[in-house]
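The values are calculated or read from the model by the stated rules, or taken from the named source; none is laboratory data. Here the structure is a predicted model, which means the values were calculated and not measured. Glycine also receives a Cβ, built like all others from the backbone with ideal geometry; neighbour counts cover every protein chain displayed. Calculation scope for accessible area: heavy atoms of the full protein, side chains included, ligands and nucleic acids excluded. Shrake-Rupley method; radii C 1.70, N 1.55, O 1.52, S 1.80 Å.
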Amino acid sequence: MRTGIKVFAPATVANVGVGFDILGFALNEPGDEIVARFEGESGLKIGKITGAKGKLPYEIEKNTAGVAAQALLDAIDYKGEGISLEIRKKMPFSSGLGSSAASAVAGVMAVNELLKRPFEKRDLLHFAALGESIASGSYHLDNVAPSLLGGMILIRDSKSLDVHRIHTPRGLHVVVVYPEVSIHTKDARSMLKETISLNQHIKQSGNLAGFITGLFTSDIDLIKRSLQDVIIEDQRSHLIPNFKEIQSAAMKNGALGCTISGAGPSIFALCQSTFIAKNVEDALSNIYSESKVNFKIYSSPINNDGAIKF
Ligand code: HSE
């Protein structure tokens with residue numbers, strides 16, 4: 001078997017509380033790995049999947065990595081040697097950590113690297129979003145953009161791929177706890193109300209603007225005052241075990257904010273230092289241990305690299 005190209009694409013926290021569908025950032029871990037290698041005479045196939053407990057399809061058109069990689073090959077009208085993908089699933093499904101997006105990003109980037117970069121990294125965004133959309137049911141970039149590009153990303157407009165990296169203060173650290181219940185993004189979207197009140201709009205716009213200003217100016221107190229979701233959290237948090245208890249423990253232990261990661265059930269707590277993050281991590285672990293909820297916990301700075309070949 002030929003060696004091939006190996007790519008890692010990280011998990012992401014979408015929405016970030018105040019930016020439903022328009023904000024997301026990348027974590028150092030977990031993430032997915034995909035190896036792309038030349039194999040066979042023509043066409044793209046998924047040759048091997050590990051770590052998915054039989055839950056991922058081998059059919060290209062049903063697999064987020066397959067759809068993303070095929071979209072790239074179609075765009076260049078690829079007629080060369082066959083390409084095989086090996087998907088090493090290393091993160092939980094339906095966890096609110098952008099699992100399908102990480103696979104889509106890793107798949108398309110691995111093929112791009114194998115073909116010696118017909119596209120710049122940033123130009124892979126559309127292909128990755130097409131792949132991710134078969135899992136989430138909509139074309140949104142708040143997981144694929146940070147997973148591909150790294151950092152904190154603002155999506156001003158998905159369709160025109162109008163995405164921007166936002167400065168983040170040094171030292172920010174994130175604790176993400178994943179209680180092992182699964183929430184499908186499609187379901188979590190369909191349960192949202194179609195309308196919001198003017199008051200909610202004003203409050204959330206102030207919070208979003210304050211959060212972004214706080215990030216750019218490293219104003220930690222402004223970040224803390226702003227990181228509050230007045231629209232989505234109330235509509236989804238009942239799906240998440242011990243949500244209020246987790247949130248309140250994170251805040252008591254010094255987090256700048258704590259709310260749902262993506263569509264849930266993962267919860268993230270943004271902290272201003274690794275020291276505070278450690279206290280938050282311990283407090284959240286205790287709550288789920290005492291409640292006998294199976295969980296995984298991750299602690300990470302904001303990952304500024306995004307997907308990498310290694
Ligand atoms: N922003 C979307 C949502 C996708 O919350 O439904 C999150 O992965």
Sorted on mean Cβ neighbours within 10 Å (highest first), peptides 184-197, 294-307, 102-115, 5-18 come out as 102-115, 5-18, 294-307, 184-197
As a percent rounded to 5, the proportion of antiparallel DSSP bridges among beta bridges in the chain is 85
Here segment 12-18 yields Karplus 3J(HN,Hα) values (6.51, -1.76, 1.60; θ = phi - 60°; whole Hz; Gly and Pro given as x) of 9, 10, 8, 6, 6, x, 9
Of the listed links Lys48/Lys296; Lys186/Lys224; Lys203/Lys296; Lys90/Lys309, those spanning more than 22 angstrom between alpha carbons are Lys48/Lys296; Lys186/Lys224; Lys203/Lys296
Carbon and sulfur atoms account, in whole percent of the 1.4 Å probe accessible area of segment 1-142, for 50
The answer for trypsin sites (Lys or Arg not before Pro) in segment 114-174 that fall in a DSSP coil and have at most 14 neighbouring Cβ atoms within 10 Å is Lys116, Lys159, Arg170
Magnitude of the Cβ-charge dipole (Lys and Arg +1, Asp and Glu -1) of segment 171-310 about the Cα centre, nearest 20 debye, reported as 120
Karplus ³J(HN,Hα) for segment 76-89 (6.51 cos²θ - 1.76 cosθ + 1.60, θ = phi - 60°; Hz, whole; x = Gly/Pro) runs 9, 6, 5, 10, x, 3, x, 10, 10, 9, 10, 9, 10, 6
Whole-Hz Karplus couplings 3J(HN,Hα) for segment 116-125, θ = phi - 60° and coefficients 6.51, -1.76, 1.60, Gly and Pro as x, run 6, 6, x, 10, 5, 3, 4, 6, 7, 4
From the cross-link list Lys55/Lys121; Lys116/Lys159; Lys193/Lys278; Lys121/Lys244; Lys159/Lys244; Lys89/Lys121, the entries with a Cα-Cα span beyond 32 Å are Lys193/Lys278; Lys121/Lys244; Lys159/Lys244
1/(1 + (r/R0)^6) with r = Cβ-Cβ of Lys159 and Ala75, R0 = 25 Å, i.e. FRET efficiency to nearest 0.05, evaluates to 0.90
Non-local residues with an amide H under 5 Å from the amide H of Leu227, with H modelled 1.01 Å from N and Pro and chain starts lacking one, are none
